[in-house]
Amino acid sequence: MIYDVIIIGAGAAGLFAGASFPCGVKGLILEKQKTPGKKLLMSGAGQCNVTHGGNIKEFISHYGTNGPSIRSILYQFNNQSLTRFFESNGLPLFQRDDGKVFPQSLNANDVLKLLVNQSKSNGFQLNLCSPVDQIQKEPDSNFFHVHSNGIAYQTKNIIVATGGCSYPTTGSDGSFYAVLKKAGIEHTNLKPALVPIYVANYPFTSISGIALPMTEITIQTGQKVVKSIKDALLFTHGSFSGPAILTASRYVTHNNTLSINYCSAYPNDQLFQELPQLLSSSKKQFITVIWDYFNHTTSAGTGELPKRFLSLQAQRCFIDSTEKASKIPASAVKKYISSLTQDHFIIEKTGGFQAAMVTSGGIPLTAIQGKTMESSQYSGLYFAGEVLDVDGDTGGYNLQFAFSSAYAAAKQISLTLKK
């Protein structure tokens, strides 16, 4: 059997590539796992944050230094194009207030089913438990041999969509880079990205699982600000996590410090003016006044701060949260407000590939043709998704690139097949 195209990897990029071809392709998708799309099912906590809202021009800054290099890929199949694709195929989407876009069903399995069914409708056969251990270009020929389970499949077009090294139990374990290296295709240094941040003397183990809806995370080197992000924060058993931290982790280097404003929805000058006045004139318990302020006082802001978190911060400032508010010294109140608006930690490390949402590094963009995703080294060999040296912020940016790059590869191969 000679195939029009073989896609290696049945994840987000591979399946979207298959779903993007016109009907009637003689195609094959090879997936080493027992089931397709395992990592896709995990995205957005199982709800599948497929992309982000807003103008596609705003996406560029969310991919670090490689953002400008993928501009043309994102522009030719943008977030609006993606929305039309899903909705025209019977899967309506909606945008949350934070800009993240999800299927209305909030079920990642609906996205997976659509992509698998569409790929099969377009003419793709899906072979599971089929790891690829070698790809060879025939000398003086346009044909590739793709070796899997002792079988050599033949094709003129390959899309490599094998992912990176993040969440290796899903099959995205980086092992295919060795296969590519045998074919003479090198990759950049691979690092975990979008990971938890571990700090010295982490104090929040007792409130593991609590999340704050809007915080400001700042990564600093000395007094120099490296990156500042506003988003939700999650306390885990031993580390900081949540969208703000995951995005910030992409900018962490050795000897950085982490500064956190837990109540970024509230102006600092307002806090330092209003809270001391409320506390000094109240006969209620300290924690009651504080909790009422952050959760009931309409002039204070919009974010909610849980009582367990507020009590723990009081404990860290050596304040008895059950003491009458008016008895707390002004100096202690000032220290407490500072702990809410500018809490400092020394970063020890970030999480590894087991906890990483994406991989930083991969096939360099200089090794592909920018608008088509075709290898500059091998005609007919294409790359899509996380296997490339592109990693974006959390919030749908990585899936958007996976879909956009897969579409570009499928579009170019479709044009060559027509010829």
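Can you say what percent of the DSSP beta bridges in segment 17-174, counting only those with both residues inside, are antiparallel? Round to 5.
80
Determine the gain in length on full extension of the stretch S376-K120; use 0.36 nm per residue of separation and subtract their C-alpha separation, reporting nm with one decimal.
89.2 nm
Which of L388, P213, T155 sits closest to the plus end of the dipole of the chain, meaning its Cα is farthest towards the positive end, when Lys and Arg get +1 and Asp and Glu get -1 on the C-beta?
Farthest towards the positive end: T155.
For Q104, what is the net charge nearby, where nearby means another residue's Cβ is under 14 Å from its Cβ and Lys, Arg count +1, Asp, Glu -1?
In short, 0.
Within the set K224/K335; K34/K418; K137/K419; K113/K227; K26/K419; K38/K100, which residue pairs have Cα atoms separated by over 26 Å?
Going by Cα-Cα distance, K34/K418; K113/K227 fall outside the 26 Å limit.
Treating only the Cβ atoms of Lys and Arg (+1) and Asp and Glu (-1) as charged, compute the dipole magnitude of the chain about its Cα centre; round to the nearest 20 debye.
Charge dipole of the chain: 140 debye, to the nearest 20.
With +1 assigned to the C-beta of every Lys and Arg and -1 to the C-beta of every Asp and Glu, and no other charges, what is the dipole magnitude of segment 243-377 about the Cα centre in debye, to the nearest 20?
Around 300 debye, computed over segment 243-377.
Indicate, rounded to the nearest 5 percent, the antiparallel portion of the DSSP beta bridges found entirely in segment 209-297.
100
Could you report the accessible area of H187 in Å², rounded to 10, computed with a 1.4 Å probe on the protein chains as they sit in the structure?
Its heavy atoms expose roughly 70 Å² to the probe.
Enter the per residue convex hull volume of segment 267-419, computed from alpha-carbon coordinates, in Å³ rounded to the nearest integer.
Roughly 179 Å³ of hull volume per residue.
Might you work out the accessible area of F94 for me, using a 1.4 Å probe with all protein chains in place, and round it to the nearest 10 Å²?
Solvent-accessible area, nearest 10 Å²: 70 Å².
Could you tell me the ratio Rg/Rh of segment 224-345? Both radii from Cα atoms, Rh via Kirkwood.
Here the Rg-to-Rh quotient is 0.99.
Once you list every other residue whose beta carbon is under 15 Å from the beta carbon of A314, what net charge do they have if Lys and Arg are +1 and Asp and Glu are -1?
+4
Could you list, in their original order, any pairs among K57/K349; K156/K181; K181/K230 whose Cα atoms are separated by more than 30 Å?
Over 30 Å apart, Cα to Cα: K57/K349; K181/K230.
Could you work out the local net charge near A19, counting Lys and Arg as +1, Asp and Glu as -1, over the other residues with Cβ closer than 13 Å to its Cβ?
Result for the local shell: +3.
Can you say what percent of the DSSP beta bridges in the chain, counting only those with both residues inside, are antiparallel? Round to 5.
Given both bridge residues lie in the chain, the antiparallel proportion sits at roughly 75 percent.
The values are calculated or read from the model by the stated rules, or taken from the named source; none is laboratory data. Here the structure is a predicted model, which means the values were calculated and not measured. Backbone-built Cβ (ideal geometry, glycine too); neighbour counts: all protein chains shown. Quick note on the areas: whole protein, heavy atoms, side chains included, nothing else; ligands and nucleic acids left out. Shrake-Rupley method; radii C 1.70, N 1.55, O 1.52, S 1.80 Å.
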